[in-house]
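The values are calculated or read from the model by the stated rules, or taken from the named source; none is laboratory data. Predicted model, so just to flag it, every value in this text is computed and none were measured. Cβ: placed from backbone, ideal geometry, glycine included. Neighbour counts: every protein chain shown. Ligands, DNA and RNA are stripped out before the accessible areas are found, and what is left, the full protein with its side chains, is counted by its heavy atoms. Shrake-Rupley method; radii C 1.70, N 1.55, O 1.52, S 1.80 Å.
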Amino acid sequence: GQQRVAHRQALGEQRAVGLARRGAEAAAAEILAHEHAAAHSVPIIPVIDLRHGLVVRAMRGERQAYRPIDSPLCGSAEPLAVAGRLCEHCATTTLYLADLDALQGGPVQTGVIAALLRGLPGIELWLDAGFRDRDAIDALQRALGADAARLI
C-alpha cells in the first residue's frame with residue numbers, strides 16, 4: 001500500500017514536471033516566434049564602401065588592403081549592380097555609401113553617386129564622404145540636381 005502511494009506521488013510529480021516543462025517550452029517557442037517576427041520588422045540598411053569607382057571589401061580598417069568585392073550575390077564590383085542587389089536582397093529603400101576616396105581627402109565620386117541615384121530611383125542614399133564644409137555639400141547637390149533630394 002505505501003509503495004503504491006509513493007509510486008502515485010512520484011507519478012504525480014513527474015506529470016507536474018512534464019506539464020511545467022511543456023508549458024515552459026511552449027512559452028519559449030512563443031517568445032522565439034515573436035522575436036523572429038520582430039527581427040523581420042527591423043529595417044536593414046546595407047553598406048557599400050566605394051574606392052576608385054568600385055565597391056570594395058573592407059577588412060579591419062586596413063584600407064590599403066581593400067580589394068574590389070567578389071560576391072556571388074551580384075557577380076560584380078560595379079556600384080550600381082552591388083547596390084541594386086543589396087537593396088533588393090535586404091528589401092530596403094535605404095543604402096549607406098562610404099566614399100573612401102573622399103574620406104581620405106580625395107574628390108567625391110560624384111559620377112558614381114549620380115549613377116546610383118539615377119539607377120535606383122526608389123532609394124535614399126546616406127552618404128559618408130567626410131565633407132569639410134558646407135560649400136562642398138552645396139557643390140555636390142548642384143551637380144546631382146533633383147536627385148540630391150534623396151541624398152542624406
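Couple of notes before you dig in:
- Residue in the range 89-100 that is at pLDDT 90 or above and more than 17 Å from the chain's Cα centre (by Cα) present: yes
- Residues in the range 138-147 that are open to solvent by less than 60 Å² (accessible area, probe 1.4 Å) and either touching a strand residue (DSSP E or B) at 6+ places or on another chain (Cβ under 8 Å) or touching a residue at least 12 places away in the same chain (Cβ under 8 Å) (or both): Leu140, Leu144, Asp147.
- Within the range 90-129, tally of residues that are in a helix (DSSP H, G or I), touching a residue at least 40 places away in the same chain (Cβ under 8 Å) and touching an Asp or Glu at 6+ places or on another chain (Cβ under 6 Å): 1
- Residue in the range 61-79 that is touching a helix residue (DSSP H, G or I) at 6+ places or on another chain (Cβ under 6 Å) and modelled with pLDDT of 95 or more present: yes
- Asp135 over 28 Å from Ala65 (Cβ atoms), without any contact (Cβ under 8 Å) to a residue 12 or more places away in the chain and either among the β-branched types (Val, Ile, Thr) or in a helix (DSSP H, G or I) (or both): yes
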